[in-house]
Amino acid sequence: MIKIVTIVGARPQFIKAAAVSRCLRNEFADRVTEILVHTGQHYDDNMSTVFFEELDIPHPKYNLEISGGHHGAMTGRMLEAVERVLLEEKPDWVLIYGDTNSTLAGALAAAKLHIPVAHVEAGLRSFNMRMPEEINRIVADRLSTLLFCPTSAAVANLANEGVSAGVESVGDVMFDVALFYRERARKQSAALASLGLVEGAFALATCHRAENTDDPDRLGEIVTALAEISASLPVVLPIHPRTRKLLADSGLDKKLGNVKVVDPVPFLDMVALEQAAKVILTDSGGVQKEAFFYGVPCITMRDETEWVETVDLGWNRLVGASAMAIDKAFQDSMQGKLPPLAKSPYGDGNAARHIVSRIVQSSDQSSAIGGRT
Ligand code: UD1
Ligand code: UDP
């Protein structure tokens, strides 16, 4: 049996891991065992437990209960605790997702123990080294044996850094997830009714990225823009706990106009809201792509994006954090129609299967030559 230790900690990682974990259980149970480690980075019920329950993710064998603090402290505590788990479990592979501090800690702990790392969402770059995520993903990629790229842009980014060994273009697990849950969400979620929203007649907004929330000017501009939009169209803002706190601390929460601020919503509700929205405004990586998957115009309140295809194809407007630019993009997106999409740049919807197959194949090859991967 191939033993994989999967490290997750933040909301988007639970969602991505759900796809791979389901594939492992349904299609590879005779070849692979998976041990889930939750670092504890996200810990509120509505940021963590609800995803495990709704997406049918196995209960983590370990919850390290590490959250908060500065980056170094959080990552350092995770590194120590993940290392302990790896020494105990002695896995054949460590599987990591995305670009959070949990990703970085998992990659570092494994690499130092000479355990091969498989990185899902490898090769993404914003080329902004001030983003903690950019640092995390560059280091994680450098330490990984298998680099699972969601897009051809990600493959090209790695090639530009001279990395080709172990690079696999598998598509995006978030696309797998979207295909799996889109109908289910429409049928099962009561979010529209409970929030008093009408299909096609509201804007959905999210904001949590450090570069926006930690900068009072940028956060102020975003608040101004959302408040202005809420004067003409209902705006619902499922709010990340980080943003709730920073809005309250700065008093900006009083300036949100008619914006309907709600707690973070469970995944099926989010997917239902995304599909029903007239427009989505966000700084989230995952939400940008979900807007794209569901054919909803997206306004990205950042200066750069890793998901360049959404912009190149004309479905995503990258506007930074100026109220004027956000408002202009909003007006434009009310009029414009989305250009037709010939083929998804995010793979064939079977990214999870490609990932697990490749890990199994790589393990088979290394046992055939009598060594470790
Ligand atoms: C993290 C990731 C980011 C990812 C995001 C997904 C890093 C560096 N950042 O950002 O890449 O896009 O998750 O949502 O890893 N908090 C709570 N309850 C929770 C979780 C967080 O109250 O369940 C609050 C705490 O005050 C915490 C703050 O939010 O200190 C920030 O959480 P943290 O995990 O450090 O960063 P995120 O902004 O969530
Ligand atoms: N999401 C959710 N409920 C919310 C907000 C987001 O289920 O209230 C989902 C969203 O659909 C997407 C993922 O969380 O799949 C994105 O996570 P987030 O924006 O926190 O992180 P990022 O993708 O930017 O790293």
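A few notes on this one:
- Within the stretch 44-79, considering residues that are open to solvent by 70 Å² or more (accessible area, probe 1.4 Å) and touching a residue at least 24 places away in the same chain (Cβ under 8 Å), the one nearest to ligand 1 (Cβ to nearest atom): HIS71
Matching residues to (1) over 27 Å from MET270 (Cβ atoms); (2) at pLDDT 95 or above; (3) within 15 Å of ligand 2 (Cβ to nearest atom); (4) more than 21 Å from the chain's Cα centre (by Cα):
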residue: ASN46; (1), (2), (3), (4): no, yes, yes, no
residue: ASN63; (1), (2), (3), (4): no, yes, no, no
residue: MET78; (1), (2), (3), (4): no, yes, no, no
residue: GLU89; (1), (2), (3), (4): yes, yes, no, yes
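- Only residues that are among the charged types (D, E, K, R) and not in a loop (DSSP other than H, G, I, E, B) were counted across the stretch 159-209, and they come to 7.
- Of all residue pairs spaced 6 or more apart or on separate chains, those with beta-carbon atoms under 6 Å, a first member in the stretch 244-267 that is touching a residue at least 60 places away in the same chain (Cβ under 8 Å) and a second member that is among the aliphatic types (A, V, I, L, M) and part of a helix (DSSP H, G or I) are PRO264/MET47; PRO266/VAL50.
- Among residues of the stretch 13-35 that are free of Cβ contacts under 8 Å to residues at least 40 places away in the same chain, those with a beta-carbon under 9 Å from a residue that is of a type in the set (Asp, Glu) at least six positions away or on a different chain give the pairs SER21/GLU34; SER21/ASP56; ARG25/GLU34.
- The stretch 109-142: number of residues that are open to solvent by 20 Å² or more (accessible area, probe 1.4 Å), away from ligand 1 (no atom under 14 Å from the Cβ) and assigned to a helix (DSSP H, G or I): 3
- Within the stretch 10-33, the set of residues being assigned to a helix (DSSP H, G or I) and within 11 Å of ligand 1 (Cβ to nearest atom) comprises ARG11, PRO12, GLN13, PHE14, ILE15.
- Leading residue by the ranking (farthest from ligand 1 (Cβ to nearest atom)) among those in the stretch 233-246 that are touching a helix residue (DSSP H, G or I) at 6+ places or on another chain (Cβ under 9 Å) and more than 18 Å from GLY68 (Cα to Cα): LEU233
- Contact annotation: residue pairs with Cβ atoms under 6 Å, 6 or more positions apart or on different chains, pairing a residue in the stretch 296-314 that is under 20 Å from HIS208 (Cα atoms) with a partner that is surrounded by 19 or more Cβ atoms within 10 Å (Cβ to Cβ) and among the basic types (Lys, Arg), are ILE299/ARG317; TRP307/LYS289.
- Residues that are over 17 Å from MET334 (Cα atoms) and assigned to a helix (DSSP H, G or I), drawn from the stretch 212-236: ASN212, THR213, PRO216, ASP217, ARG218, LEU219, GLY220, GLU221, ILE222, VAL223, THR224
- Top-ranked residue in the stretch 6-27 [being farther than 18 Å from GLY68 by Cβ and of a type in the set (D, E, K, R); ranked as least open to solvent (accessible area, probe 1.4 Å)]: LYS16
- Pairs where the first residue, in the stretch 129-156, is touching a residue at least 12 places away in the same chain (Cβ under 8 Å) and away from ligand 2 (no atom under 16 Å from the Cβ) and the second is among the hydroxyl-bearing types (Ser, Thr, Tyr) and open to solvent by less than 50 Å² (accessible area, probe 1.4 Å), C-beta under 7 Å, 6+ apart: LEU146/SER362
- Residue match in the stretch 240-252 (condition: crowded, with 23+ Cβ neighbours inside 10 Å and farther than 30 Å from GLU53 by Cβ): no
The values are calculated or read from the model by the stated rules, or taken from the named source; none is laboratory data. From a predicted model like this one, the values you see are computed outputs, not experimental measurements. Virtual Cβ from ideal backbone geometry, glycine too; neighbours counted across all protein chains shown. Remember, those area values only see protein heavy atoms, side chains included, never the ligands or the DNA or RNA. Shrake-Rupley method; radii C 1.70, N 1.55, O 1.52, S 1.80 Å.
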